[in-house]
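S.K.: Below is the structure I would like to discuss, written out as structure tokens.
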Amino acid sequence: MAKRKKSTTKNSSKILTYIAWFLAFVAMGMSALVAGYYFGYEDAKKELVKQTQVEQEKRLSVLKKLEELSAKETKKNDEISRLKEVLKKETDSYSSASHEYDDAPVVVPPKRLKREIKSIVQKPKLAIIIDDISVQSHVNAIKSLNLPITMSFLPPSPQRPNSAKLAAKEDVYMVHLPMEAQSFSAEEPNTLRVDDSQKKISLTISNIKQMFPKVEFINNHTGSKFTSNEIAMNRLVFALKSQNINFIDSRTTAQTKAPKVMKNYGLRYTARDIFLDHEMEKTYVKKQIKKAIRLAKAHGSAIAIGHPHANTIMALNESKSLFNEVELVYVNKLY
């Protein structure tokens with residue numbers, strides 16, 4: 001009996017040992033699970049914080065871009081408002097480009113000179129001339145466009161005494177020389193007339209050269225009567241040639257004798273292809289800008305003439321992307 005009791009006690013001890021080991025393994029497993037959960041939770045927590053930061057940075061970036069776009073739009077609107085204000089004083093009573101032909105209303109501007117259609121290898125060039133520049137606000141408005149636009153200054157007069165001083169600050173400019181029209185009520189001072197002598201015309205051009213020493217190009221302001229008179233044009237071209245000044249025909253009349261006279265002197269004839277603002281509505285000006293670009297593409301180059309009123313300036317500003325299709329240049333780059 002004593003021997004069986006001892007054996008039972010030994011078996012019970014083994015069972016307890018197994019139970020103890022089992023419980024130890026269970027405890028270790030639970031500890032591992034708890035630890036894994038804890039560390040996994042911490043990792044997940046860190047990842048969540050990281051994702052939250054990324055999302056927040058994205059939102060801040062989007063908000064920043066929206067603010068920048070809003071600022072650009074505000075700046076653009078401010079520029080447009082400023083342009084309107086800058087030009088308002090000078091353009092309240094400003095007429096369209098039709099004033100270049102005569103005071104009487106002109107329904108259709110004189111046709112451009114027919115030119116050869118060319119196969120273009122290089123990027124076509126477009127020169128835009130803005131006539132009637134005479135005051136600082138005109139210069140400011142055009143410079144604000146940040147485009148290579150050629151300004152053509154009216155000679156000094158009692159109404160605009162500083163035009164030559166303004167031109168002196170520019171590297172490239174033209175002079176918009178008043179010439180006699182078929183009919184007009186408000187003739188510019190010192191307008192060239194068809195009955196002016198060679199001496200008078202030569203003196204006028206000499207004075208222009210003194211006032212505008214860097215001038216290389218002159219185009220006519222009005223001049224429908226003067227440019228259609230061969231004798232008058234002979235006198236003018238002779239005077240210009242002696243001063244090394246090129247003539248660009250604004251083509252204010254289809255009867256211009258400039259092509260014939262220039263050919264007689266062995267000089268190249270250059271003329272505007274299109275007026276941008278024969279009508280003053282902005283939509284019309286933008287349409288003319290597109291047409292000028294098409295002409296440049298067809299012929300390799302083109303000259304467009306506009307005037308410093310608000311709609312023309314704004315149309316140019318809103319057409320900047322279109323000028324990527326051509327090389328917008330100062331007029332001297334066409335020579």
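S.K.: What FRET efficiency, computed as 1/(1 + (r/R0)^6) with R0 = 22 Å and r the Cβ-Cβ distance, is obtained for N244 and R193, rounded to the nearest 0.05? Don't skip to the end; give the middle numbers.
M.R.: On the way: r = 24 Å, r/R0 = 1.10.
Step by step, r from the Cβ atoms, then E = 0.35.
S.K.: Which value in nm describes the separation of the simple spin-label points at K320 and K46, placed 7 Å from the Cα toward the beta carbon?
M.R.: Reported label-point gap for K320 and K46 is 4.8 nm.
S.K.: May I pose another question? Given 0.36 nm per residue, what is the gain on full extension from L203 to N332 after removing their alpha carbon distance, in nm?
M.R.: On the way: separation 129, 0.36 × 129 = 46.44 nm, distance 2.48 nm.
Gain in length upon complete extension: 44.0 nm.
S.K.: Using a Förster distance of 56 Å, how high is the FRET efficiency between I19 and K64, based on the Cβ-Cβ distance and rounded to 0.05?
M.R.: Efficiency at R0 = 56 Å is approximately 0.25.
S.K.: What translational diffusion coefficient, to the nearest whole µm²/s, does the range 215-302 have by Stokes-Einstein, given a Kirkwood radius computed over alpha-carbon pairs, a temperature of 37 °C and 0.692 mPa s viscosity? Walk me through the numbers on the way to the answer.
M.R.: Details: Rh = 14.2 Å.
This corresponds to a translational diffusion coefficient of 232 µm²/s.
S.K.: Determine, for each peptide in 126-136, 187-197, the mean count of other beta carbons within 10 angstrom over its residues, then list the peptides with the highest first.
M.R.: My ranking of the peptides, most packed first, is 126-136, 187-197.
S.K.: Same structure again: Would you mind working out the magnitude of the charge dipole of the range 99-334 relative to its Cα centre, with +1 at each Lys and Arg C-beta and -1 at each Asp and Glu C-beta, to the nearest 20 Debye?
M.R.: Charge dipole, the range 99-334, about its Cα centre: 880 debye, nearest 20.
S.K.: Taking every pair of alpha-carbon atoms in the range 99-334, what share in percent sits in each 10 Å bin, from 0 to the bin with the longest distance?
M.R.: Using 10 Å bins, I get a P(r) of 8, 33, 39, 18, 2 for the range 99-334.
S.K.: Based on DSSP, what percent of beta bridges with both residues in the range 145-243 are antiparallel, to the nearest 5?
M.R.: The antiparallel fraction comes to roughly 10 percent.
S.K.: Give the residues of the range 311-335 whose amide nitrogen is closer than 16 Å to a point set 7 Å from the Cα of L267 in the direction of its Cβ.
M.R.: Residues passing the 16 Å test: 332, 335.
Only the coordinates and a few stated rules stand behind these numbers; no lab work does. Just so it is clear, the structure is predicted and the values come from calculations on it, not from any experiment. Don't worry about glycine lacking a Cβ; one is built from the backbone with ideal geometry, like all the others, and counts go over all protein chains shown.
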